[in-house]
Amino acid sequence: MRATWRVKAICGIQTALLGLWCLGAPAALRAWASSTTVQVRQIQFQEINATTRLVLNLNGEAKDVSVSDQAGRPMTVSFSGNAVAKALPVNRKFNWPNLGGVYADQRNGRVQVFIKRNVTGTVRVSQEGKRLVISVPHFFQRASEEDEVSSGIRHRQFTQHGPQGPVVINVLEVDPRNPDVEIFPVLANNRMGAKNNVSAMVANHQAIAGINGSFFKPDVGIPLGVLIINQELISGPIYDRVALGITNNNEPVIARIHLGGEIGLPDGRVIHLHNINQPRVNAGTTVVYSSRWGSMAPRVPANGLQIQLRNNRVSAVSDTQPLPIPRDGVVISGPNTPEMMTLASQPPNRPVRLDLFTLPDWSGMKHAIGGGPWLVKGGHPYVDLSEQHFNSRSLGYREPRSAVGITADGKLLLVTVDGRRKNVSVGMTLYELSTLMEKLGAMDAMNLDGGSSTQMSIYGKTVNLPSAGNVGVSNSLLIRKANGDNVAFKNSPGFNP
């Protein structure tokens, strides 16, 4: 964001447009200040892009600039010169956690600028001709050393401080083009309706690292969103939400996914199918249930019908009790329409054509896992809450968050943001998470399940600070060695969470 400096030569003028405040000396006083030493003519403050810029406009280039930054004391930037008459000293207070105030004074033939900070951050001092520029960030980061977890996988953890408090962030950067890397989703205990923590799933699959995955029904552990594992469509999207796909070449893609389908009837009519292995969202939807759902279909909907197909032939019908789901077939559950009644009346020796498809066509996608909403799209922050049927009020709160993103050079970012820990990590809103993903370099990014589900594990050890401990989740996105070598956690190379 660019700003245009508009300097007013009247002390105390506040420009609402730019948040700019300046001190200027009257012409008579400027004429009086004729010393050959460098003089301060104006002081400007500007708050923009989460940074306060203090600009000292001088009558020449600053000489003998020195910076003193001692622990527990205000940072001091000073140079040889004289203040202009009564234009100094000046005192300005700020409410940012990283900036308490700025105080300028003249002592012993030097102009001194004191910067009061609550914590240590990166303050930049630069000279631009006759201007001395001091930039103080409102946010700052404290980073741990970056670890190379394995070939093609790097981890870093840092704390970002901002107006609301600290936020602990973990980032896994994965290079899908590295031949040692395989990216894949898993179900807890390898089945729907189960829950386990991410560290257990990492260990159970001899993986290197992992992050929690899609939303799920917390009472039963059913994934809410598209899930494809080894080209098997296990569950479909809800509200056409965004999903991460992994191609057969191990390349990640992010897109919104629509699932449709139909069953053809002998008279040319069709039964439109709306989803697979998902709860029915309204009375007009028809859902397919495979054995991945479990042994029994959910209850028969009011004024509805269930039809069991085995080997693509009608084998049972019920309008009261849920039907068993055969391993060699499915159960169709939907409203009691004339088309459903026609299907129910088909003789058992007549085959039925059932087709499912996705838009875009992900029939050849090796893996996929759902989430939402978008966070970054085409390199720009983009949070489409209402379009993907998310509650904008609840998702506007500061919470633990999980996200995935794809950088311009094709790397996959797995990110957790800890929250619900006062003075340790306060979490982020979705809009703050969107900005974070953009700053991390994501060209496309999407939100995953968050809150108490937010977990990241490396070599079977949790590296973030889950708000409720290692609770069970329905599914995870894991990274392992593509050559199939087992991971020996005790021999992990230099990793010490």
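What follows is calculated from the coordinates using simple rules that are stated; it is not laboratory data. All figures in this text were calculated on a predicted structure; none of them were measured in a lab. Please note: Cβ atoms are built from the backbone with ideal geometry, for glycine as well, and neighbour counts cover all protein chains shown.
Counting beta carbons within 10 Å around each of Trp374, Trp362 and listing the fewest first gives the order Trp362, Trp374. For an R0 of 22 angstrom, estimate the FRET efficiency from the Cβ-Cβ distance between Asn189 and Glu232 and round to the nearest 0.05. Using R0 = 22 Å, I get an efficiency of 0.85. Please tell me which of these pairs span more than 31 angstrom C-alpha to C-alpha: Lys411/Lys461; Lys116/Lys461; Lys422/Lys481? Over 31 Å Cα-Cα: Lys116/Lys461; Lys422/Lys481. Taking the Cα centre of region 127-231 as reference, the dipole from Cβ charges on Lys and Arg (+1) and Asp and Glu (-1) amounts to some 400 debye.
Computed extension gain for Thr342 through Glu387, at 0.36 nm per residue and net of the alpha carbon distance, reaches 12.6 nm. For Ile276, the amide hydrogen comes within under 5 Å of the amide hydrogens of Gly236, Val288, counting only partners 5 or more places away or on other chains and with H modelled in the peptide plane. Which FRET efficiency value, to the nearest 0.05, do you get for Asp409 and Phe158 by plugging their Cβ-Cβ distance into 1/(1 + (r/R0)^6) with R0 = 22 Å? Efficiency, rounded to the nearest 0.05: 0.55. Under a model in which nothing but the beta-carbon of Lys, Arg (+1) and Asp, Glu (-1) is charged, the chain shows a dipole of about 1860 debye around its Cα centre. Once the Cα atoms are used to define both axes, helix 430-439 deviates from the longest principal axis of the chain by about 70 degrees.
Bridges between two residues of the chain, per DSSP, are antiparallel at a rate of about 95%. Only one item in [x] 33, 26, 23; [y] 61, 24, 17; [z] 40, 25, 21 matches semi-axes √(5λ) of the Cα gyration tensor in Å derived from the coordinates shown, and that item is [y]. Modelled spin-label separation between Lys217 and Leu356, with each label point placed 7 Å from Cα along the Cα-to-Cβ direction: 1.6 nm. For the listed peptides 475-482, 299-306, a ranking on the average number of other beta carbons within 10 Å per residue, highest first, reads 475-482, 299-306. Please name which of Pro166, His205, Met446 has its Cα lying farthest along the dipole of the chain towards the positive end, using unit charges on Cβ (Lys, Arg +1; Asp, Glu -1) and the Cα centre as origin. Ranked along the dipole, the leading option is Pro166.
Ranked for footprinting exposure by Cβ neighbours inside 10 Å, fewest first, Tyr459, Tyr382 give Tyr382, Tyr459. Short-range pairs are left out: with C-alpha atoms under 8 Å and at least six residues apart, the relative contact order of region 258-359 is 32 percent. Entry note, the chain: the mean residue ellipticity at 222 nm calculated from DSSP H runs of n ≥ 4, each adding -39500 (n - 2.57), is -1500 deg cm²/dmol after division by the residues and rounding to the nearest 500. For the pair Lys116 and Lys422, a Förster radius of 30 Å applied to the C-beta separation gives a FRET efficiency near 0.80, rounded to the nearest 0.05. Look at the dipole of the chain built from charges on Cβ: of Asn470, Asn303, Ser66, the Cα furthest out on the positive end belongs to Ser66. When the Cα positions of Leu259, Ser290, Val270 are compared along the charge dipole of region 258-359, Ser290 comes out farthest toward the positive end, with charges on each C-beta of Lys, Arg, Asp and Glu. What would the Debye formula give as log10 I(q)/I(0) at q = 0.16, 0.17, 0.18 Å⁻¹ for the alpha-carbon point model of region 211-351, no solvent? At q = 0.16, 0.17, 0.18 Å⁻¹ the computed log10 ratios are -0.86, -0.96, -1.05.
Rank by packing, highest mean first: peptides 334-343, 125-134, 285-294, 442-451, with packing defined as the count of other Cβ atoms within 10 Å averaged across residues.
Listed from highest to lowest mean packing, they are 442-451, 285-294, 334-343, 125-134.
Note on region 258-359: with charges restricted to the Cβ of Lys and Arg (+1) and Asp and Glu (-1), its dipole about the Cα centre is near 240 debye.
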